[in-house]
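Handing you this structure, nothing more for now.
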Amino acid sequence: MIEPKNCWIEVAKDSDFSIYNIPFGIFSTPTKSKRVGIAIGSQVLDLEAAYQSGIFDCFMDEKAFIVSVFRNSYLNNFISLGKKITSKLRIKIQEELCDPDSKINHPKFFEALNDVQMHIPVQVGDYTDFYSSIEHATNVGSLFRDPENALLPNWKHMPVAYHGRASSIIGTEIPIHRPKGQTKAPTMDAPIFGPSKRLDFELEMGYIIGSQTELGHSVSSEEAENYIFGKVIFNDWSARDIQQWEYVPLGPFLGKNFASSVSPWVVTMEALEPFRTSGPNQDTAVLPHLKAVGLRNYDIALEVSIQPQDSVESTICNSNFKFMYWNMAQQIAHHTSNGCNLNVGDLFASGTISGSTQESYGSLLEISKAGKTPHELASGHIRSFIEDYDTIRMRAYCIKGGLRVGFGSVSTQILPAL
Ligand code: MN
C-alpha cells in the first residue's frame with residue numbers, strides 16, 4: 001500500500017501528475033538521449049537512472065527485464081514486458097516515491113518537466129479510428145448527408161471505424177502545414193487543387209494496444225481490456241473540404257492522413273480504474289460477441305482551446321470520454337472478430353467525442369455548423385475553421401474526491417500550406 005502523505009516529491013493539488021497517476025513517456029534533454037520517464041508533479045523521473053540505483057533489482061528474475069527497455073526511443077519494448085510486470089513496476093515507483101529512505105530520493109534522478117523535450121511515446125504500428133460518439137455521428141450525418149437519416153443503418157449494430165495511417169502520427173508541439181488537396185464545393189462544376197479552406201480538429205482519445213494476438217484469433221469483449229496498456233489524448237486533424245469530396249465510396253483518405261497529434265504521457269489503465277463509470281444506454285440490442293456488461297466507460301474531462309497568433313487561449317469545447325456510445329471492450333471485440341491480429345503499439349482512437357450540447361461539440365465542423373454559424377472566441381476572434389498560425393491545445397483529466405489523474409496536454413500549431 002502506498003502512503004501518499006509520505007510522498008517526498010512536492011505535487012501541487014491541481015497537478016495532473018499525482019502519486020496516483022505515474023504515466024509513462026519518452027523524454028530527452030540536451031545531454032540525455034531519448035529514454036523512458038514517468039511524470040510526478042512538475043518533475044520527470046529518469047527510469048534509466050532509477051534502474052542504475054538498484055531499486056528495480058527485485059525484477060531481475062523477470063527475464064525480459066533489461067535496461068534497454070528504458071534507454072529507448074519508444075515505449076514499445078517496455079509495454080511488451082506485459083501488464084504483469086509494468087503494473088508491478090508502476091506500484092514499485094509509487095512506493096519508492098512515498099519512502100523517504102528511497103535510493104532515488106535525490107535530485108540527480110529527476111529533470112524539471114519544463115526543461116525536457118517530450119516525444120511521441122510509442123512507435124505506432126497500425127492505427128484505427130472509430131466513430132463511436134453518437135452525438136458526433138448524428139451531427140456529422142446531418143451536416144454531410146440528411147438530418148432525417150443521420151445515422152446509417154449499421155451504426156447501432158457495430159462500432160464503425162476505418163484504418164488510418166501511422167506514418168503521420170506526431171507528438172506534441174510539432175507544427176504542421178495546412179494540407180493541400182482536391183476539393184469541389186457543391187456550387188462548383190469541377191474540382192480544384194489547393195490549400196484546404198476547412199481545416200478542423202477532432203477531439204479524441206487514443207489507446208495503446210499492450211499485447212499481441214495471433215492472426216485468426218478473436219478477443220472477446222470480456223477479455224478485451226487486458227489488451228489495453230493505456231490512453232493518450234488524440235487530435236485527428238481533418239480537412240473537411242477534401243474529406244467531403246473524396247469520402248464516397250471508400251471512406252476517409254487524404255482529408256485525414258496528413259497528421260494526427262498525440263499527447264506525450266501514456267496514462268495506464270490501472271491509474272484510470274477509479275474513474276470507471278457507466279456509458280450511454282445502448283437501446284438497440286447488440287450481437288452476443290459485442291455484449292460488454294458492467295462499468296465500461298471512464299469519466300475523463302476533455303477540453304479544447306484555440307490560441308490565435310499573438311493572442312490568448314480561448315476554450316471552445318468541454319466534453320467527456322464517458323459520452324462514448326461504444327466502449328473500448330466492444331471496439332476491440334469488433335476489430336478482432338474476423339481474426340485480424342493486434343500488435344503491441346497499435347493505436348486505436350475513439351472518434352470525435354461530442355456531448356449533447358453545443359459547448360461539448362468536439363470539432364469546428366459541429367461548432368460552426370459547417371461554417372454556417374461562425375464562432376466568436378473569448379479572445380474576440382471569429383472562427384468557422386482553423387486559420388494559419390492558430391494553436392490547438394487539448395487537455396484531459398479525471399477528478400474524483402481528492403484524486404486527480406491527468407494527461408497534460410497536446411498542442412499543435414498550424415502553419416501555412418507549403
Ligand atoms: Mn477521427
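Which one is surrounded by the fewest Cβ atoms within 10 Å (Cβ to Cβ) among residues in region 119-136 that are within 15 Å of the chain's Cα centre (by Cα) and more than 11 Å from the ligand (Cβ to nearest atom)?
In this case the residue turns out to be Q123.
Rundown of residues vs (1) within 16 Å of the ligand (Cβ to nearest atom); (2) hydrophobic (A, V, I, L, M, F, W, C), yes/no style:
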| position | (1), (2) |
| --- | --- |
| E202 | yes, no |
| E214 | no, no |
| H217 | no, no |
| Q244 | yes, no |
| G255 | yes, no |
| V286 | no, yes |
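Going by the conditions given, is S350 over 18 Å from M269 (Cα atoms), within 16 Å of the ligand (Cβ to nearest atom) and in contact with a Phe, Trp or Tyr (Cβ under 8 Å, 6 or more places away or on another chain)?
Taking the combined requirement at face value, the residue does not satisfy it.
State which residue is farthest from the ligand (Cβ to nearest atom) when the search covers only region 103-118 and only residues that are open to solvent by less than 30 Å² (accessible area, probe 1.4 Å) and either over 30 Å from S53 (Cα atoms) or in a loop (DSSP other than H, G, I, E, B) (or both).
I104
Shifting gears a bit: For residues that are among the β-branched types (V, I, T) and either more than 27 Å from A292 (Cα to Cα) or assigned to a helix (DSSP H, G or I) (or both), scanning just region 225-263, find the one that is most open to solvent (accessible area, probe 1.4 Å).
V248
Report yes if some residue within region 186-204 is open to solvent by 30 Å² or more (accessible area, probe 1.4 Å), aromatic (F, W, Y) and over 26 Å from E387 (Cβ atoms); otherwise report no.
No, that holds for no residue.
Condition check ((1) at pLDDT 95 or above; (2) under 21 Å from Y207 (Cα atoms)) across all residues:
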position	(1), (2)
K231	yes, yes
D236	yes, yes
Q243	yes, no
G251	no, no
V262	yes, yes
M269	yes, yes
E273	yes, yes
L287	yes, no
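In addition: Of all residues in region 319-359, which are in a helix (DSSP H, G or I) and open to solvent by 30 Å² or more (accessible area, probe 1.4 Å)?
Listed by number, the residues that qualify are K322, F323, H334, Q358, E359.
Let me ask something else about it. How about region 76-102: which of its residues are in a loop (DSSP other than H, G, I, E, B) and farther than 22 Å from S42 by Cβ?
Within region 76-102, L81, G82, D101 meet the criteria.
Sticking with this structure for a sec: Name the pairs: first residue in region 112-131 and within 13 Å of S260 (Cα to Cα) and of a type in the set (S, T, Y), second residue modelled with pLDDT of 95 or more and part of a loop (DSSP other than H, G, I, E, B), Cβ to Cβ under 9 Å, at least 6 apart or on different chains?
That search, which allows pairs on different chains as well, returns Y127/G164; Y127/R165; Y127/A166; Y127/D346; T128/G164; T128/D346.
Separate question: Of all the residues that make up region 297-313, how many are more than 15 Å from the ligand (Cβ to nearest atom), part of a strand (DSSP E or B) and within 18 Å of Y397 (Cα to Cα)?
Adding up the residues that qualify gives 5.
Are any of the residues in region 145-167 assigned to a helix (DSSP H, G or I), away from the ligand (no atom under 13 Å from the Cβ), of a type in the set (D, E) and open to solvent by 60 Å² or more (accessible area, probe 1.4 Å)?
Yes, region 145-167 contains at least one residue that is assigned to a helix (DSSP H, G or I), away from the ligand (no atom under 13 Å from the Cβ), of a type in the set (D, E) and open to solvent by 60 Å² or more (accessible area, probe 1.4 Å).
The values are calculated or read from the model by the stated rules, or taken from the named source; none is laboratory data. Values in this document were obtained by computation on a predicted structure and should not be read as measured data. A quick note on method: Cβ atoms are made from the backbone with ideal geometry, for glycine too, and the neighbour counts reach across all protein chains shown. In case anyone asks, the SASA skips ligands and DNA or RNA and just uses the protein heavy atoms, side chains included. Shrake-Rupley method; radii C 1.70, N 1.55, O 1.52, S 1.80 Å.
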